[in-house]
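One structure below.
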Amino acid sequence: ELILGIETSCDETAVAIIKNGKEIVANVVSSQIESHQRFGGVVPEIASRHHVEQMTMVLEEALEQGGLAVEDMDAIAVTEGPGLVGALLIGVNAAKAVAFAHEKPLVGVHHIAGHIYANQLVEELEFPLLALVVSGGHTELVYMKEHGSFEVIGETRDDAVGEAYDKVARTLQLPYPGGPYIDRMAQTGTPSIRLPRAWLEEDSYDFSFSGLKSAVINTLHNAKQKGEEINPDDLAASFQESVIEVLVGKTLRAMKEYGVNQVLLAGGVAANKGLRGALQQAVEKEGKKLTIPPLSLCTDNAAMIAAAGSVLYRLGKRSGMDLNANPGLDIEKPFN
Ligand code: ATP
Ligand code: MG
Ligand code: FE
């Protein structure tokens, strides 16, 4: 079984081909980071234009990499949401055109389901499982009792983790996206600055990162007013320690309460070295298994969309030629 995946929800134009839901045959990602960097974030209009310019080339390159033609595919999977509506539309329309022209089934995929299924490219999933999703727009704990079933048991009430990383980085005058820079600085620094931990209500699996972000900004501001020096590496390390402590703490509690044997880490922030290490140690200490995608499959790509698409295709999901971009798509209803 061969699935062609297409992803354009944000600022990477990506096409991949996956065999039997788990084997990467081709994986092409064209990033636009440089075009957005001088604006300090993703500019939606620029993103859409880049997708239009790149889509045909990226598609052709993926087919060439795999030595395959669209004819060889069993289905075309595409991110239908969430994301930037104009960006999503380019991928959805490309997928519809390819599916229509070659009479192939079309399967709409939830972007976050894709991030989660990036783990299936690493190893077989064992249900029930718990996924910690940490990305630029999402921070969620997702319980999966079987393939294609997603229950969000906790989510952020304000900023996503990636967003908090990027905003803190911006305050420290680092380039966009700042997550990887903060991560690197945190390896050097010492977590010596006291910052809050947002545990929220005792039984809640929800998250909140805006208070922590403000505390970092205030710390810098106050030091400046007093004419004191703050070591940016120490600030990065202190921020990262607070983030990791809460993420790992809540994941571990959910893992025990829901009785799962496998935990997945997913999303762009899963590339974070500190988080990968801390979660690995905590999960293994409890005798459970943690799966983390390799760095290239943590940030946006189409291999993960094809992997999730393969699962939905086997479960019988088919999208019509009326498939539309849906920026508010609900992961708990994957068969919309
Ligand atoms: P979503 O998936 O929620 O729609 P997105 O697709 O924009 O959002 P991803 O591509 O999954 O987000 O992840 C990008 C985010 O990951 C950015 O905020 C970036 O700073 C962050 N990130 C990447 N690498 C690291 C790292 N090593 N440490 C911390 N954050 C990181
Ligand atoms: Mg991106
Ligand atoms: Fe993403």
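Below is a table of values for the structure above.
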quantity	calculated
Contact order relative to length of the chain, as percent, for alpha carbon pairs under 8 angstrom and 6 or more apart	26 percent
Diffusion constant of the chain at 20 °C, which comes from Stokes-Einstein with the Kirkwood Cα-pair radius and 1.002 mPa s, µm²/s	106 µm²/s
Burial ordering of Ser319, Ser214, Ser208, fewest other beta-carbon atoms within 10 Å first	Ser214, Ser208, Ser319
Set of lysines near Lys167 by C-alpha distance (under 17 Å), chain-local residues within fewer than 8 positions excluded	Lys213
Exposed-loop-free span, longest in the chain, where GluC sites (Glu not before Pro) count as exposed if DSSP calls them loop and at most 14 other C-beta atoms lie within 10 Å	2-102
At most 14 other Cβ within 10 Å, DSSP loop - trypsin sites (Lys or Arg not before Pro), the range 1-38	Arg38
Gap separating the Cα centres of the range 194-258 and the range 48-67, nearest whole Å	40 Å
Cα-based Lys pair tally, the range 217-336, threshold under 28 Å, eight or more apart or on separate chains	15
Dimensions in Å of the range 127-180 - Rg and Dmax from alpha carbons	14.1, 44
Phe207 long-range amide H proximity, modeled H, under 5 Å	Glu155, Thr156, Arg157
Relative contact order, percent, the range 1-154 [alpha-carbon distance under 8 Å, six or more residues apart]	21 percent
Given the chain, longest segment not containing exposed loop chymotrypsin sites (Phe, Trp or Tyr not before Pro) (DSSP; at most 11 other Cβ within 10 Å)	40-334
Spread of Cα-to-Cα distances over 10 Å intervals beginning at zero, given as percent, for the range 1-109	16, 49, 28, 7, 0
Rounded to 10°, Cα long-axis angle of helix 179-188 versus longest principal axis of the chain	40 degrees
Taking the range 159-269 and dividing mean pair separation by its residue count, relative contact order in percent (alpha carbons under 8 Å, at least six apart)	34 percent
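Throughout, read-outs are computed from the coordinates displayed, never taken from laboratory work. Keep in mind it's a predicted model, so treat the numbers as computed, not measured. Virtual Cβ from ideal backbone geometry, glycine too; neighbours counted across all protein chains shown.
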